[in-house]
1. Within 27 Å of TYR296 (Cβ to Cβ) and touching a Cys at 6+ places or on another chain (Cβ under 6 Å) - does that describe any residue in the range 63-78?
2. PHE113: surrounded by 15 or more Cβ atoms within 10 Å (Cβ to Cβ), modelled with pLDDT of 90 or more and not charged (D, E, K, R), yes or no?
3. Kindly establish whether ASN94 is out of contact with any Cys (no Cβ under 9 Å at 6 or more places or on another chain), of a type outside the set (Lys, Arg), over 30 Å from GLY240 (Cα atoms) and outside any strand (DSSP E or B).
4. Those residues that are part of a strand (DSSP E or B), surrounded by 12 or more Cβ atoms within 10 Å (Cβ to Cβ) and more than 37 Å from the chain's Cα centre (by Cα), I need them from the range 163-208; list them, please.
5. Quick test of your reading of the structure: ASN351 fulfils all but one of (1) touching a Ser or Thr at 6+ places or on another chain (Cβ under 8 Å); (2) at pLDDT 80 or above; (3) not assigned by TED's automatic domain parsing to the domain that holds HIS253. Name the failing condition by number.
6. Applying the selection to the range 6-59, what residues are surrounded by fewer than 19 Cβ atoms within 10 Å (Cβ to Cβ) and hydroxyl-bearing (Ser, Thr, Tyr)?
7. Can you say whether GLU81 is in contact with a Lys or Arg (Cβ under 9 Å, 6 or more places away or on another chain) and without any contact (Cβ under 8 Å) to a residue 60 or more places away in the chain, as far as the supplied structure shows?
8. Checking GLU399 against (1) surrounded by 14 or more Cβ atoms within 10 Å (Cβ to Cβ); (2) without any contact (Cβ under 8 Å) to a residue 60 or more places away in the chain; (3) charged (D, E, K, R), which single condition isn't satisfied?
Amino acid sequence: MRITEILYNSIRRLNVNHNNKYGKIEPNKINIFIGENGSGKSTIIDIIRSLSDLSIIPSLPKENPLSSSSPFYKVTFDDGEFKFVSSSGSMNENNCLTKYLGCRIMDSDSTIFYGDISKFNTDENNKILRGIKFKLHNQIHYKTYSSNFITEPNENYIDELNKIGEKLNGTYNRTQNDDGTTKEHVPVNSSNLIITNDNLIETWLEEDKAMPNALPLSWFPSGWRSYAEITSYLMSCNNGDICLLEEPEINLHPRLQRLLLTRIEEISIEKDLQVFFSTHSSAMINANFSDNISIYHTQGRSVETFGDEKKLLEDLGYKASDIFQANCVIWVEGPSDRIYIKHWLSGQNNNLIEGVDYSFLFYGGRALSHFDLDDNSSDMISILKINTNSIIVMDSDREKRNDKLNETKQRIIDGCNRENTKVWITDG
């Protein structure tokens, strides 16, 4: 089973408009929704989750929809079946509009519910919707980062950690000598982690290679446990299932996040899973290397296919200085330009720090002809790949005021205008 299309309108904050132009997503095998808090990541996850848990439906339609923009969502599958939910004001004049919601629920061409549901009373809705469900055969699964940790180890869980054993800080590779060569006598079970009969885990560590440490699972780093929780959970799903993950990167450092994404893709291919997950992590942005993965930028009112990494990083609040790079690069021709501009900057804001708030790069004369703002050219060096916040300062080199700029300078100006990057051409 695979979702091929999601249409939505006036669902929470997403796609609230006057012209009923619907929001639309055509999901891939793995679908990553990145954005700041409150931008709509969980809304997309909840639309899908509501197909297996109808209690979520009352929370989805916008509380005060525009009269010309009725809330609804429609999820279509690869077999042509679809699930449709729309809402309106209360259908029963005796029900309070602020407490009840008119709702139509359709399973393809069949209406399985049409009437009022409570906006806030879960127990009442359980009675109203008792026995009503979509035909999904329990194929949608949901896991949030706040799920309880596994306390007793199992073979699948430990196997997932052993697969990345060399990436787990401090563990000892029992198959190799200290110089990296393979040992003559490799243990029959050479795994870093082995479950004992009393549910402890034998763990070989770099500082204690002679014998293992027997540790309970609860003593393991939270990041290791989170990784194994997610990957072993996906391995437990049936072939063809749809899996929803909320912020799986919680507790994981960036390298482990990338390992997790690689493993999610491997499992999704092996078990033919379709995966949807929300994240705040910039480490996931580089995931668009794979044809199996689509990234979406949630922006509060809309969900867009990922395209503008600068805008996404700004929304997430990342700064280049977070990774010890300057937040802005000023491109100048030579050292004297740096002296002038630093002097002028100090006159505007004496708190700006060179090397943190800004740095200078020199392109020196004809070298500018090798730079561009388009990162699709294999012949040019992309200025924005060096730093997405760049300002370019160029001498016009005109002999007369009305002379044309040379081809290189005009190309750079056109690129800056196209990429919304600041550029300053001196008068001459």
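The values are calculated or read from the model by the stated rules, or taken from the named source; none is laboratory data. Given the structure is predicted, the values throughout are model-derived calculations rather than measurements. Here Cβ is always computed from backbone atoms with ideal geometry, including for glycine, and neighbour counts include all displayed protein chains.
1. No.
2. The answer is yes for PHE113.
3. For ASN94, the condition - out of contact with any Cys (no Cβ under 9 Å at 6 or more places or on another chain), of a type outside the set (Lys, Arg), over 30 Å from GLY240 (Cα atoms) and outside any strand (DSSP E or B) - is met.
4. Selection gives ASP208 alone.
5. In the conditions (1) touching a Ser or Thr at 6+ places or on another chain (Cβ under 8 Å); (2) at pLDDT 80 or above; (3) not assigned by TED's automatic domain parsing to the domain that holds HIS253, ASN351 misses (1) alone.
6. TYR22, SER52, SER55, SER59
7. yes
8. Status for GLU399: all satisfied but (1).
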